[in-house]
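Peer 1: What follows is a structure written as structure tokens; I'll ask about it next.
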Amino acid sequence: MKLAFPDLPYAYDALEPHCSAKTLEFHHDKHHRAYFDQTVELIKGTKYEAMGLEEIVRTAAGDEKNRMLFNNAAQLWNHDLFWLSMGPKGGGDPRGALMKAIERDFGSCDAMCGLLQDKAVTQFGSGWAWLVYCDGKLSVTATHDADNPLTEGAAALLALDVWEHAYYLDYQNRRPAFVEAFLKNLVNWDHAAALFESVAGTERTREKRQAGRRR
Ligand code: MN3
């Protein structure tokens with residue numbers, strides 16, 4: 001399978017003033033691009049060349065010899081979701097089934113955002129904060145470096161990059177200010193809700209099929 005380097009899903013200046021065009025140019029065109037180029041280079045002539053990106057990430061995660069491939073492929077996957085986790089009309093509250101599930105599992109959207117904010121701010125060094133769905137339940141989590149929920153069997157609905165390169169040009173060392181801007185002004189809940197409906201729907205179909213078999 002040929003890996004594709006995705007364009008940023010909006011203009012470079014679409015997230016201003018919360019995330020500058022300069023940040024997005026460096027982040028997408030240099031950092032994300034480097035992960036892509038290195039992944040393509042590392043899979044050349046290997047079994048990984050036949051796989052899609054998710055399969056590369058899952059397979060390389062358990063393969064100590066391919067730590068470098070895992071790091072680059074996972075960062076590629078993480079950034080694909082990160083761009084889609086933000087949007088020019090970001091912020092507000094999620095709608096529909098995702099909101100209902102957030103209220104069921106966290107009490108309120110504010111409570112969930114507070115936990116996510118805490119995970120993102122206190123993640124020591126480079127990493128990511130996530131909203132994930134696993135075994136019928138939502139939770140928030142943080143991972144180090146390139147690690148992601150995919151390798152834990154969880155579905156990631158929202159990705160927040162807290163590597164310094166994600167915010168340093170705009171916020172310098174003030175990671176909490178970037179995280180606050182992400183949650184207030186950038187987060188694309190419609191995308192997270194669509195992902196949630198697709199994974200929760202798949203799960204319901206599987207349960208129905210299993211129930212049918214037991215009958
Ligand atoms: Mn990044």
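Peer 1: What about VAL132, is it closer than 21 Å to ALA21 by Cβ and β-branched (Val, Ile, Thr)?
Peer 2: Details: closer than 21 Å to ALA21 by Cβ: no; β-branched (Val, Ile, Thr): yes.
So VAL132 does not fit the description; no.
Peer 1: Can you tell which of GLU41, GLU55, GLU49, GLU25 is out of contact with any helix residue (DSSP H, G or I) (no Cβ under 9 Å at 6 or more places or on another chain) and more than 12 Å from the ligand (Cβ to nearest atom)?
Peer 2: GLU25
Peer 1: Something else about it: Residues being away from the ligand (no atom under 14 Å from the Cβ), under 18 Å from the mean Cα position of the chain (by Cα) and either loosely packed, with under 13 Cβ neighbours inside 10 Å or not hydrophobic (A, V, I, L, M, F, W, C) (or both): count how many of those fall in region 159-215.
Peer 2: Here the count works out to 8.
Peer 1: Go through region 75-104 and give me each residue that's more than 16 Å from the ligand (Cβ to nearest atom), touching a Phe, Trp or Tyr at 6+ places or on another chain (Cβ under 6 Å) and assigned to a helix (DSSP H, G or I). Step through it out loud before you land on a result.
Peer 2: Start the filter on region 75-104 by keeping residues that are more than 16 Å from the ligand (Cβ to nearest atom), which leaves 87-104.
Pick out the ones that are also touching a Phe, Trp or Tyr at 6+ places or on another chain (Cβ under 6 Å) and you get 88, 94, 98.
Listed by number, the list holds a single entry, LEU98.
Peer 1: What single numbered condition from (1) surrounded by 18 or more Cβ atoms within 10 Å (Cβ to Cβ); (2) without any contact (Cβ under 8 Å) to a residue 24 or more places away in the chain fails to hold for LEU138?
Peer 2: (2)
Peer 1: State which residue pairs qualify: first residue among the β-branched types (Val, Ile, Thr) and inside region 28-40, second residue outside any helix (DSSP H, G or I) in any location, beta carbons under 8 Å apart, and separation of 6 or more residues or different chains.
Peer 2: Between residues of region 28-40 that are among the β-branched types (Val, Ile, Thr) and residues that are outside any helix (DSSP H, G or I), the close pairs are THR39/LEU3; VAL40/LEU3.
Peer 1: For LEU15, all conditions in the list (1) surrounded by 14 or more Cβ atoms within 10 Å (Cβ to Cβ); (2) in a helix (DSSP H, G or I); (3) within 16 Å of the ligand (Cβ to nearest atom) hold save one; what is the number of the exception?
Peer 2: (2)
Read-outs throughout are calculated quantities, based only on the coordinates presented, and are distinct from any laboratory measurement. Computed from a predicted structure; not experimentally measured. Reconstructed Cβ throughout: ideal geometry from the backbone, glycine too, with neighbour counts over all protein chains shown.
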